Amino acid sequence: MAWEKVGPTLPGMVAGADLTSAQYRFVVVNSSGKVVLAGAGAAVDGVVQNNPNTDQAATVWGVGSVSKVVAGAAVAQGALVASNGSGQAITAVSGNYIAGRALQAATGAGQLIPVWITNPGRVA
């Protein structure tokens, strides 16, 4: 069962795209100052907690939070995770920016797991 601990939030965020199916996925703030899904292996700014449509308020928990995140594949407990192309958690590999650490395992895609959101850099 996924558990959470709210930490810093990103204030005043607005969705820069349709995120109605993106609750609990990694996001970034784009060059327009709006929240969009994080790309594959990209640096992340947090995890969207609601499901806003374009230009609606987006609740984003940032670095230091423990948030539910949708897994994009099987992930081991304790693994460093990165974003896939859909903002889901996958095991980080060389060249990926680290989005966080999986606090529980996922046996496959679509499962919610608690992730400690961090951004210590890239995997070597």
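The values are calculated or read from the model by the stated rules, or taken from the named source; none is laboratory data. Fair warning: this is a prediction, and the values are worked out from it, not measured in the lab. Because the Cβ atoms are built from the backbone with ideal geometry, glycine has one as well, and the counts that use them run over all protein chains shown.
Does any residue in region 1-21 that is at pLDDT 80 or above come within less than 7 Å, Cβ to Cβ, of a residue that is of a type in the set (A, V, I, L, M) and part of a loop (DSSP other than H, G, I, E, B) six or more places away or on a different chain, and which pairs are these?
Final answer for the pair search is 8/63; 13/58; 14/58; 15/58; 19/58.
Find all pairs meeting these conditions: Cβ atoms under 6 angstrom apart; at least six residues apart or on different chains; first residue within region 76-88 and more than 8 Å from residue 99 (Cα to Cα); second residue hydroxyl-bearing (Ser, Thr, Tyr) and at pLDDT 95 or above.
Between residues of region 76-88 that are more than 8 Å from residue 99 (Cα to Cα) and residues that are hydroxyl-bearing (Ser, Thr, Tyr) and at pLDDT 95 or above, the close pairs are 79/91.
Just one of 67, 31 is among the polar types (S, T, N, Q) and not in a loop (DSSP other than H, G, I, E, B); which is it?
Only one candidate qualifies: 67.
Give all pairs with beta carbons closer than 8 Å in which a residue from region 95-121 that is in contact (Cβ under 8 Å) with a residue 60 or more places away in the chain meets a residue that is among the hydroxyl-bearing types (Ser, Thr, Tyr); count only pairs at least 6 apart in sequence or on separate chains.
99/83; 99/118; 112/24; 114/67; 115/67; 117/65; 117/67; 119/97
Of all residues in region 29-40, how many are touching a residue at least 40 places away in the same chain (Cβ under 8 Å) and either surrounded by fewer than 20 Cβ atoms within 10 Å (Cβ to Cβ) or more than 11 Å from the chain's Cα centre (by Cα) (or both)?
Number of matching residues: 2.
Look at region 102-111 and say how many of its residues are surrounded by 19 or more Cβ atoms within 10 Å (Cβ to Cβ) and within 15 Å of residue 87 (Cα to Cα).
Qualifying residue count, region 102-111: 2.
One line per residue, one yes/no per condition, for (1) modelled with pLDDT of 95 or more; (2) touching a Pro at 6+ places or on another chain (Cβ under 7 Å); (3) aromatic (Phe, Trp, Tyr):
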site	(1), (2), (3)
26	yes, no, yes
45	yes, no, no
53	yes, no, no
78	yes, no, no
84	yes, no, no
88	yes, no, no
103	yes, yes, no
116	yes, no, yes
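May I ask you to list the residues in region 49-104 that are among the charged types (D, E, K, R) and on the phi < 0 side of the Ramachandran plot?
Residues satisfying the conditions are 68, 101.
Within region 4-18, which residues are in a loop (DSSP other than H, G, I, E, B) and of a type in the set (A, V, I, L, M)?
Residues satisfying the conditions are 6, 13, 17.
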